[in-house]
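Please read the structure below before turning to the comments.
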Amino acid sequence: MSRKQLFYVLNELGEAVPAKDVVEWMSWQQSVRSSKILFRDVIGTIEVSTTFTGINYSPDDQQPPQVWETMIFGSQYDNTVSRYATKEEASTGHKKIVDRIKLEVKQTA
């Protein structure tokens, strides 16, 4: 039985690659704080943020590592989280969430 890889960093191409250990992951996290943020949108009082966490949230080692995360702050969706395996999935997911929130804000205005 193999152990699930827990920690990832981004390489020079922006691709998630396994960290050697938690020390490498922590060091990388501290050195690149702003570059981990893929998108941040504010719609009224609601913030939608998509970042590279570098922590694998997939339930097992048979699935791709879920290392990208979109989180909503504010409204009835406060603390709602969506996770993704790739930067492209995260980008698409972020846009869908922002579009949905904009539509809902527009409908209630």
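Values quoted throughout were computed directly from the atomic coordinates according to the rules given, and no laboratory measurement underlies them. A quick note: this is a predicted structure, and the numbers were derived from the prediction, not measured. Every residue, glycine as well, gets a Cβ built from its backbone with ideal geometry; the counts of neighbours run over all protein chains shown.
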Practice task
Please give the helix 87-108 orientation as an angle from the longest Cα principal axis of the chain, in degrees from 0 to 90, rounded to the nearest 10.
Solution key: 20 degrees
Handout entry: Partner lysines for LYS20 [C-alpha distance under 20 Å; skip if fewer than 8 residues away on the same chain]
Key = LYS4, LYS36
Exercise for the section: Could you check the simple spin-label distance between THR45 and GLU24, using points 7 Å along Cα→Cβ, in nm with one decimal? Expected result: 4.5 nm
Practice task
Rank these for me by crowding, THR70, THR86, going from fewest to most other beta carbons within 10 Å.
Solution key: THR86, THR70
Handout entry: For region 8-108, size of Cβ-based charge dipole, Lys and Arg +1, Asp and Glu -1, in debye
Key = 400 debye
Problem - Dipole-positive endmost among GLN62, VAL81, PHE39 within region 8-108 (Cβ charges, Cα centre) - result: PHE39
Completion exercise
Most fluctuating of LYS20, LYS95, LYS87 in the GNM of the chain (C-alpha, under 10 Å) is LYS20
Problem - Percent RCO, i.e. relative contact order, over region 1-91, from Cα pairs under 8 Å lying at least 6 residues apart - result: 23 percent
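Between GLN5 and SER31, what is 0.36 nm times their sequence separation minus the Cα-Cα distance? Round to one decimal in nm.
Stretched out fully, the GLN5 to SER31 stretch lengthens by 7.2 nm.
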Exercise for the section: Neighbouring Cβ atoms within 10 Å as the yardstick, rank MET26, MET71 fewest first. Expected result: MET26, MET71
Handout entry: Likely footprinting exposure, LEU38, LEU103, LEU13, fewest C-beta neighbours within 10 Å first
Key = LEU13, LEU103, LEU38
Practice task
Any chance you could give the angle, 0 to 90 degrees and rounded to 10, that helix 22-31 forms with the longest Cα principal axis of the chain?
Solution key: 50 degrees
Exercise for the section: Pull up the cross-link candidates among the aspartates and glutamates for LYS87, meaning alpha carbon to alpha carbon under 14 Å and not fewer than 8 places away within one chain. Expected result: GLU12, GLU15, GLU69
